[in-house]
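Participant: So that we are looking at the same thing, I have put the structure below in structure tokens.
The values are calculated or read from the model by the stated rules, or taken from the named source; none is laboratory data. It should be emphasised that the depicted structure is a prediction, and the values quoted were computed from it without experimental measurement. Cβ atoms come from the backbone with ideal geometry, glycine included; neighbour counts cover every protein chain shown. Each accessible area value is taken on the protein alone, full model and side chains, heavy atoms only, with ligands, DNA and RNA left out. Shrake-Rupley method; radii C 1.70, N 1.55, O 1.52, S 1.80 Å.
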Amino acid sequence: MILAAGRGERMRPLTDTLPKPLLRAGNQMLIEYHLHNLAQAGFLEIIINHAYLGHMIEAALGDGQRYSVHITYSKETSVLETAGGIANALPLLTNGAANQPFLVVNADIYVQMDYATLLPALKRLHSTPENDLAHLILVDNPPHHPAGDFFLANDRITTSGHATLTYSGIGAYHPILFNQVTPGVATKLSPLLRHAISAKKVTGEYFSGTWMDIGTPERLQWLDKQFSDKK
């Protein structure tokens, strides 16, 4: 699933007339980098949620054929937050028994990651949901988020330790994590994760490669310049 329902307030005025995932860096829209990388890794069924100017996302990406994937859209009529948006899309994301884990990626990040490296985590979540409900990718704390989010100890996420890391916006989840979320109700992801972390049911790994949260026009301009400099 690609999370693309945000309003992108910090990106204004760029997002006044265009949804944030469709902003361009280099010769592609931000969301296109994810679609190409997901297809290359073998993730061919993609769910994209949208709310603000969602019709523009559908018009731009279509059914995904030109990216060698199949896109299904999860439309939201009100702001559902991250966990609410995922819970709303669960009928599209998992199987009838609701025991098939899935990958979630924020649309507003740029990352040079091989998503296929998450396949073992997805298989583990499927086989032992009694032990683990989520697997998060953590990165170094960026300048705009120096406090970080979580700690990593022996491949397990904790809320205390010696050095914080930042949640990248990339994670594998088991549907059970969202059992208490009412579809259609705005629900944040962080409280669900912290509850699962306290139960020692969240694993993680550190990613040292290129990652960037495209949260402001200045960061988008910087990323675009990196592509221009490589030409």
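Participant: Among (1) closer than 25 Å to residue 37 by Cβ; (2) free of Cβ contacts under 8 Å to residues at least 60 places away in the same chain; (3) assigned to a loop (DSSP other than H, G, I, E, B), there is one condition residue 193 misses while meeting the rest; what is its number?
Facilitator: Here residue 193 meets the rest and fails (3).
Participant: While we're on this one: State all residues of the range 191-231 that are more than 22 Å from residue 27 (Cβ to Cβ) and either of a type in the set (Val, Ile, Thr) or open to solvent by less than 30 Å² (accessible area, probe 1.4 Å) (or both); if no residue qualifies, say none.
Facilitator: Keep residues of the range 191-231 that are more than 22 Å from residue 27 (Cβ to Cβ), which gives 191-208.
Those that are more than 22 Å from residue 27 (Cβ to Cβ) and either of a type in the set (Val, Ile, Thr) or open to solvent by less than 30 Å² (accessible area, probe 1.4 Å) (or both): 193, 196, 197, 202, 203, 204.
Participant: For the range 139-152, does any single residue satisfy the condition of being open to solvent by 70 Å² or more (accessible area, probe 1.4 Å), closer than 26 Å to residue 217 by Cα and either assigned to a strand (DSSP E or B) or among the small types (Gly, Ala, Ser) (or both)? First the steps, then the outcome.
Facilitator: Pass one, the range 139-152, residues open to solvent by 70 Å² or more (accessible area, probe 1.4 Å): 140, 143-144, 146-147.
Okay, now just the ones that are also closer than 26 Å to residue 217 by Cα, so 140, 143-144, 146-147.
Those left that are additionally either assigned to a strand (DSSP E or B) or among the small types (Gly, Ala, Ser) (or both): 147.
Within the range 139-152, one or more residues are open to solvent by 70 Å² or more (accessible area, probe 1.4 Å), closer than 26 Å to residue 217 by Cα and either assigned to a strand (DSSP E or B) or among the small types (Gly, Ala, Ser) (or both).
Participant: Give the residues of the range 59-89 that are touching a residue at least 60 places away in the same chain (Cβ under 8 Å), open to solvent by 40 Å² or more (accessible area, probe 1.4 Å) and among the acidic types (Asp, Glu), sorted by residue number.
Facilitator: If the condition is that a residue be touching a residue at least 60 places away in the same chain (Cβ under 8 Å), open to solvent by 40 Å² or more (accessible area, probe 1.4 Å) and among the acidic types (Asp, Glu), then 81 is the only one that fits.
Participant: Filter the range 90-118 for residues that are assigned to a helix (DSSP H, G or I), surrounded by 13 or more Cβ atoms within 10 Å (Cβ to Cβ) and modelled with pLDDT of 95 or more and give the result.
Facilitator: Across the range 90-118, the qualifying residues are 115, 116, 118.
Participant: Then there is this: Please tell me if residue 167 is on the phi < 0 side of the Ramachandran plot, open to solvent by less than 80 Å² (accessible area, probe 1.4 Å) and free of Cβ contacts under 8 Å to residues at least 40 places away in the same chain. It would help to see each step written out before you state the result.
Facilitator: Working: on the phi < 0 side of the Ramachandran plot: yes; open to solvent by less than 80 Å² (accessible area, probe 1.4 Å): yes; free of Cβ contacts under 8 Å to residues at least 40 places away in the same chain: yes.
Considered against the rule, which asks whether it is on the phi < 0 side of the Ramachandran plot, open to solvent by less than 80 Å² (accessible area, probe 1.4 Å) and free of Cβ contacts under 8 Å to residues at least 40 places away in the same chain, residue 167 comes out as yes.
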